[in-house]
Number of protein chains: 2
Amino acid sequence: MNFDHFTSPTLILDTKKCLNNIKTMAYKAKRHGLIFRPHFKTHQSRLIGNWFKQLGVNKITVSSVRMAEYFADDDWNDITIAFPVNIREIEAINSLAEKIQLNLCIENVESIDFLIKELKFKVGFFIKIDTGYNRTGIANDRYEAMDKILAKEKSSEKVKFKGFLSHTGHTYQAKSRGEILDIHEDALGKLSVLKNHYHKKYPDLIVSVGDTPSCSISEEFGNINEIRPGNFVFYDMMQFNLESCRFDQIAIAVACPVVAKHNKRNEIIIHGGAVHFSKESININNKAVYGMLVKLNKDGWKNYPEAFYLTKLSQEHGTLEVNYELLQELKIGDLVGIIPIHSCLTANLMKGYFSTENEVIGNLL
Amino acid sequence: MNFDHFTSPTLILDTKKCLNNIKTMAYKAKRHGLIFRPHFKTHQSRLIGNWFKQLGVNKITVSSVRMAEYFADDDWNDITIAFPVNIREIEAINSLAEKIQLNLCIENVESIDFLIKELKFKVGFFIKIDTGYNRTGIANDRYEAMDKILAKEKSSEKVKFKGFLSHTGHTYQAKSRGEILDIHEDALGKLSVLKNHYHKKYPDLIVSVGDTPSCSISEEFGNINEIRPGNFVFYDMMQFNLESCRFDQIAIAVACPVVAKHNKRNEIIIHGGAVHFSKESININNKAVYGMLVKLNKDGWKNYPEAFYLTKLSQEHGTLEVNYELLQELKIGDLVGIIPIHSCLTANLMKGYFSTENEVIGNLL
């Protein structure tokens, strides 16, 4: 990779690592007999989408109607919007439902009532289940609430029950790999009971789960039928910190120019701020950090022997805490690499990639 | 304002409040005999830029070369890039310097050496001064470091010393209005000593300061010649929390659809997440909050009698903590308003506004 021509913050994609991440997850799904419906909110790129297509993936997940439109226009024709249906978008939902297999998420009677009244074309729907993350969904044992929604289905040809969809997002708060597996197992247990409860009535129902930490490290999927991880396509510092991935699986870094050095504080100022990384942080040694320094080279990047972090972020400025030696080594105008904390938010802000194969991948949503 | 047609998160701009904010700051600068060089990184909009132009503003500040290009293409011809010069962008800097009065920020000898060697057209430069924020700049009393830069100026016709530029950004960490004023006064004192030190040799030197909290609440500007506030154009929860503005001066809110309600937790889920608000938070009652709820109405929005906050943010989801009454009142599909924590980052993500005058203001950088 030649990065001499980079003049401002540039998102680098390591193509090989990314393809490996995709293959690893696709094979894992296959090995476990799971439907692989990757979440495309992380990369938001049609070109990267095609890498999945080439591996036989033909079902995807997105997080908004707009993202569904973007990928439907690129010939994806089986899309689940893993977000509680926003009924104000009925017009766009109808347009999508006319041309693709669209699956929505329902967690209340108001939404399904509205859809039954306003839909012009058939959609599939998942009931969103909460296994303990406490963000969205119906608690896994509240059959009465689910039955109310399922009762509505019978009154209409427009809505077809597909199954239960859950996001075990509390794995992101786990303190260890073991804790991730515990949370995942707990969710599997709850979803298994739920599936057994409804299986006789709905023998084809699909149980779908999605978080990258569980999908990455677990080899147990119990009664699950479908996985929808997204972040694994790139991984990031958050996943590495959770031990969901190895460092050499992280597939993106931001190349940032060095613009100032402050010897007294052992700090380096880079062009690279909240408009590039968002303000997502993780705690390392009880301190919020916004990214980790790597050394760029012709193959992509490699670790420094010691870990240095982005410890402050303004709109355009990033502050790197380094040591005396590195402060001497790095010059004004040099490019450094920063591994982002949250690759989804960084990719969303950067709107394009420069790949280690010297390919420009733009045209993000 | 008619917002019935909003289907997904939409950034609303209260035109009157925004115009008042601009007028108030412009008049304040005039009253104090200060050059008004507003920072355009907050709104990033040519149309809003024109509102400044109509008040006689003809000098602006931006935070990147790209933003300078964007406004130079809209006939702004006196632009300061208030960011340590990124020498990798020399080609774009030369293109800008050919057509406009471009001012750069210098804080090290390497940068000025590079510019003297590579510039094809004349630029002005400010020496970036650190009055205690400890982000960028030369400490206000390190004359030797400044003299080294100034000595270089003599060797070239391409670089013209304009003065000293400082950003008293530590006012953002202040705990009270009084503390903001103390920090501001401390900076004024330091900059006054600096100005006196160099005044004889450079009688036309400009001292420029920029933070919105000080510029908003102080009536003392000592030896200052120029102010560069940016955030005041909209203000936000962070500024309101710092008491830099009144609540009724905040000029933007994001309209977000209600997609789910969780009675047991008194929580409402909206479409409105980190891709709309960034992940900037402030602490209120020892809890991180990501935005505040307001009620939308035909005039824009108004406060609820009680304060309710966005307490969790995912990529697209926002969680509002409400009470029983509000949970009953708000329906699935309703639109709620959210006052952002940091208007600069929200505007950067949203890329456009819908004004209370029913005008679509898009085409952001």
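Every number here is computed from the coordinates shown, using simple stated rules; none is lab data. Please read all numbers here as calculations on a predicted model, not as lab measurements. We place every Cβ from the backbone using ideal geometry, glycine too, and count neighbours over all the protein chains shown.
May I ask which of A:279/B:261; B:264/B:331; A:30/A:154; A:152/A:201; A:279/B:312 have a Cα-Cα span longer than 25 Å here?
A:279/B:261; A:30/A:154
Could you let me know the centre-to-centre spacing of the stretch B:203-256 and the stretch A:265-326, using Cα atoms, in angstrom?
Cα centres, the stretch B:203-256 to the stretch A:265-326: 29 Å.
If you rank A:215, B:256 by fewest surrounding Cβ atoms within 10 Å, what's the result?
A:215, B:256
For the ranges A:31-41, A:117-127, what's the packing order if you count other beta-carbon atoms within 10 Å of each residue, average per peptide, and put the highest first?
With the highest mean Cβ count within 10 Å placed first, the list reads A:31-41, A:117-127.
Can you give the Rg to Rh ratio for chain A, taking only C-alpha atoms and Rh from Kirkwood?
Rg/Rh for chain A comes to 1.01.
Under a point-charge model restricted to the Cβ atoms of Lys and Arg (+1) and Asp and Glu (-1), what is the dipole moment magnitude of the stretch A:246-361 relative to its Cα centre, in debye to the nearest 20?
Here the size comes out at about 280 debye.
Can you put A:198, A:324 in order, fewest other beta carbons within 10 Å first?
In increasing order of surrounding Cβ atoms, one gets A:324, A:198.
Note the distances from residue B:360 to each other copy's matching label point, with points 7 Å along the Cα-to-beta-carbon direction, in nm, sorted shortest first.
Residue B:360 label point versus its equivalents elsewhere: 2.7 nm.
Using a 7 Å offset from Cα along the direction of the beta-carbon, what are the separations from residue B:145 to the same position in each other copy, nm, ascending?
Relative to the other copies, residue B:145 has label-point distances of 5.7 nm.
My understanding is that a pair violates if its Cα-Cα distance is over 26 Å; which of B:28/B:175; A:41/A:162; A:53/B:351 do that in this structure?
From B:28/B:175; A:41/A:162; A:53/B:351, over 26 Å: A:53/B:351.
Along Cα-to-Cβ, 7 Å out, sits the label point; list in nm, shortest first, how far the one on residue A:192 is from those in the other copies.
Inter-copy label distances (nm, one decimal, shortest first): 7.5.
Take peptide A:252-264, look around each residue's Cβ out to 10 angstrom, count Cβ atoms belonging to other protein chains, and average those counts.
Mean shielding by partner chains, rounded to a whole number: 4.
Would you please put B:309-319, B:144-154 in order of how densely packed they are, using the mean number of other Cβ atoms within 10 angstrom per residue and starting with the highest?
Top of the packing list down: B:309-319, B:144-154.
Under a Cβ-only charge scheme (Lys and Arg +1, Asp and Glu -1), can you give me the dipole magnitude of the stretch A:138-190 about the Cα centre, in debye to the nearest 20?
Here the size comes out at about 320 debye.
Mind checking which chain B residue has its Cβ closest to the axis relating B to A, and how many whole Å off it is?
Minimum Cβ distance to the axis, with residue: B:279, 2.
I'd like the mean, over residues of A:111-120, of how many other protein chain beta carbons sit within 10 Å of each residue's own Cβ.
The mean count of partner-chain Cβ atoms within 10 Å per residue comes to 1.
Using the count of nearby Cβ atoms within 10 Å as a rough guide to exposure, how do B:192, B:64, A:95 rank from fewest to most?
The most exposed by this proxy come first: B:192, A:95, B:64.
In what sequence, highest mean first, do B:99-107, B:16-24, A:203-211 appear when ranked by Cβ atoms within 10 angstrom?
Top of the packing list down: B:99-107, A:203-211, B:16-24.
Evaluate peptide B:313-322: per residue, the Cβ atoms of other protein chains within 10 Å of its Cβ; return the mean as an integer.
4
What does the helix-only formula give at 222 nm for chain B: each DSSP H stretch with n ≥ 4 adding -39500 (n - 2.57), the total divided by the residues, and the result rounded to the nearest 500 deg cm²/dmol?
The per-residue figure over chain B is -9500 deg cm²/dmol.
Would you mind working out the magnitude of the charge dipole of chain B relative to its Cα centre, with +1 at each Lys and Arg C-beta and -1 at each Asp and Glu C-beta, to the nearest 20 Debye?
That gives chain B a dipole magnitude of about 420 debye.
Can you give me the span-like helices of chain A, meaning DSSP H runs with 27 Å or more of Cα extent along the axis and Kyte-Doolittle mean at or above 0.5?
Both cut-offs are met by no helix.
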